[in-house]
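Q: Below is one structure. I have some questions about it.
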Amino acid sequence: MNQAVIPAAERTQSYYSATLKHETDYPTLQGEVSVDVVIIGGGFTGVASAVELAERGLKVALIETHKIGWGASGRNGGQVTSSLSGDEAMRKQMRQSRGTQVDDFIWRLRWRGQEIIESRVARYGIDCDLKHGHLHAAMKPAHMNELRSFHDEAQRRGLGDSVTLLDRAEVRNHLASEQYLGALKNTRNLHLHPLNLCIGEALAAESLGVQIFEHSEVLEIVHGERPAVITAQGRVNAKQVMLAGDVYHTLEPKQLKGKIFPAMGGIVTTTPLGDLARQLNPQDLAVYDCRFVLDYYRMTADGRLLFGGGANYSGRDSRDIAGELRPCIERTFPQLKGVDIDYQWSCAMGIVVNRIPQLGKLSNNVWYCQGYSGHGIATSHIMGEIMAEAITGSLGRFDTFASCKHIRVPLGDIFGNPMLAAGMWYYQMLEKLR
């Protein structure tokens with residue numbers, strides 16, 4: 001099995017790290033810096049918010065413990081879709097603040113991530129293998145009913161040119177797989193190289209004057225009239241602090257512990273498939289199925305199958321990701337029986353019990369944003385825009401999210417992941433009954 005030749009302390013050894021367009025080499029924070037806003041976390045939420053704030057004219061610093069895109073932002077499946085984590089829970093809770101407009105509010109959110117990413121990639125010339133086209137695939141009749149409902153809403157809202165319902169035969173024209181009853185084809189959805197996008201956005205932020213620091217773990221957030229963040233070798237004084245570390249940090253435990261938990265997802269890429277890649281997926285679409293615990297896949301720019309699936313809710317890494325995913329690959333595409341796996345890696349997703357992204361304030365001028373439950377690329381960009389609006393004084397959308405109630409699990413480190421694992425078992429049982 002081939003692996004990317006990159007020190008483990010720098011980046012996980014993945015297909016993405018092996019195919020970087022630009023490696024980062026930002027300095028460690030040393031001494032004292034003063035800015036308008038300091039952001040903790042160099043993943044999509046952090047870099048997207050940094051770009052948004054810098055475009056609005058603010059002086060921004062971004063601090064990352066490891067390297068830009070080191071966590072889930074640089075390891076995920078690379079799909080940018082209109083699915084929203086927790087949309088039904090959002091609808092119930094947000095009806096209080098949005099009233100009869102809640103459905104329109106959520107529908108607009110579904111597409112905003114794609115709009116932001118496409119615009120930013122074009123504006124800053126980010127090379128991230130961005131492509132259009134996605135299939136949401138049904139494996140049983142109940143799935144088709146769900147897809148039909150979404151398709152009907154898309155038709156009512158004028159998206160007939162972008163969203164098409166396919167039957168079994170039509171899916172077979174798009175994928176050389178027999179396991180799907182039908183699918184929803186969505187040409188607004190995107191797929192891309194997420195690590196190249198994240199680093200490209202960091203470069204965009206840098207071009208706008210954002211100061212970026214790597215290998216600079218934040219040890220403390222100072223609250224008060226003059227907030228600051230403290231690292232081992234430096235300090236950033238700011239008017240506002242934004243915590244954007246998702247599930248990777250342990251800061252502010254008094255308010256945040258027990259609200260978000262890690263679920264480990266595994267991803268592999270095969271050896272380059274040559275002409276077979278086009279035979280398997282002639283329209284070069286990203287795909288995921290309708291199950292609660294789903295498989296997702298797409299072709300890379302160099303013709304490999306990138307395939308992910310399952311979710312380990314224990315919070316622990318799998319010891320053999322390729323071994324776990326190979327049966328799924330071969331069930332989907334029997335033509336790939338015995339195919340070589342060149343890369344395997346894991347991705348820690350921040351899971352929220354009710355699946356609604358968590359936005360809030362820890363004090364008057366210290367903000368946080370986290371918890372996308374496996375829908376991070378699009379959602380993080382939407383939330384980056386909302387956080388920038390809020391920090392610059394437009395609180396409408398922020399308040400809608402901040403007013404949502406979340407379950408906080410007592411002794412979260414002990415009970416959180418077992419509770420999620422039990423919940424996952426429950427939903428898997430329901431899936432079998434659908």
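The values are calculated or read from the model by the stated rules, or taken from the named source; none is laboratory data. Here the structure is a predicted model, which means the values were calculated and not measured. Methodologically, a virtual Cβ is constructed for each residue, glycine included, from the backbone with ideal geometry; neighbour enumeration extends over all protein chains shown. Just the protein is used for accessible areas: all its heavy atoms, side chains included, with ligands, DNA and RNA removed. Shrake-Rupley method; radii C 1.70, N 1.55, O 1.52, S 1.80 Å.
Q: What number of residues within the range 159-178 satisfy the criterion of being open to solvent by 40 Å² or more (accessible area, probe 1.4 Å) and either under 30 Å from Gly42 (Cα atoms) or modelled with pLDDT under 95 (or both)?
A: Summing the residues that are open to solvent by 40 Å² or more (accessible area, probe 1.4 Å) and either under 30 Å from Gly42 (Cα atoms) or modelled with pLDDT under 95 (or both) in the range 159-178 gives 1.
Residue by residue, here is whether (1) within 20 Å of the chain's Cα centre (by Cα); (2) farther than 30 Å from Val218 by Cβ; (3) not polar (S, T, N, Q) holds:
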position: Val51; (1), (2), (3): yes, no, yes
position: Val60; (1), (2), (3): no, no, yes
position: Gly69; (1), (2), (3): yes, no, yes
position: Gln96; (1), (2), (3): no, yes, no
position: Trp107; (1), (2), (3): yes, yes, yes
position: Trp111; (1), (2), (3): yes, yes, yes
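Q: Residue by residue through the range 119-157, note down the ones that are closer than 16 Å to Asn186 by Cα, open to solvent by less than 70 Å² (accessible area, probe 1.4 Å) and within 23 Å of the chain's Cα centre (by Cα).
A: Leu130, Lys131, Gly133, His134, Leu135, His136, Ala137, Ala138, Leu147, Phe150
Q: Also: Is it the case that some residue within the range 73-94 is closer than 21 Å to Cys128 by Cα, open to solvent by less than 10 Å² (accessible area, probe 1.4 Å) and not in a loop (DSSP other than H, G, I, E, B)?
A: Taking every residue of the range 73-94 in turn, at least one turns out to be closer than 21 Å to Cys128 by Cα, open to solvent by less than 10 Å² (accessible area, probe 1.4 Å) and not in a loop (DSSP other than H, G, I, E, B).
Q: Tally the residues that are out of contact with any helix residue (DSSP H, G or I) (no Cβ under 6 Å at 6 or more places or on another chain), outside any helix (DSSP H, G or I) and open to solvent by less than 20 Å² (accessible area, probe 1.4 Å), restricting the search to the range 380-408.
A: 0
Q: Same structure again: When the residues of the range 254-283 are narrowed to those that are of a type in the set (Lys, Arg) and assigned to a helix (DSSP H, G or I), which ends up surrounded by the most Cβ atoms within 10 Å (Cβ to Cβ)?
A: Restricting attention to the range 254-283, the residues satisfying the condition of being of a type in the set (Lys, Arg) are 254, 257, 259, 278.
Subsequent filtering for residues that are assigned to a helix (DSSP H, G or I) retains 254, 278.
Numbers: Lys254: 6, Arg278: 14.
Per the stated criteria, the residue is Arg278.
Q: For the range 226-253, what are the residues that are assigned to a loop (DSSP other than H, G, I, E, B) and in contact (Cβ under 8 Å) with a residue 60 or more places away in the chain?
A: Scanning the range 226-253 gives Pro227, Gln233, Ala244, Gly245, His249, Leu251, Glu252.
Q: Oh, and also: May I ask you to list the residues in the range 180-219 that are open to solvent by 40 Å² or more (accessible area, probe 1.4 Å) and either part of a strand (DSSP E or B) or modelled with pLDDT under 95 (or both)? Can you show your working first?
A: Taking the range 180-219 as the starting set, the residues that turn out to be open to solvent by 40 Å² or more (accessible area, probe 1.4 Å) are 181, 187-188, 203, 206-209, 211, 215, 217, 219.
Residues satisfying the conditions are Thr187, Arg188, Gln211, Leu219.
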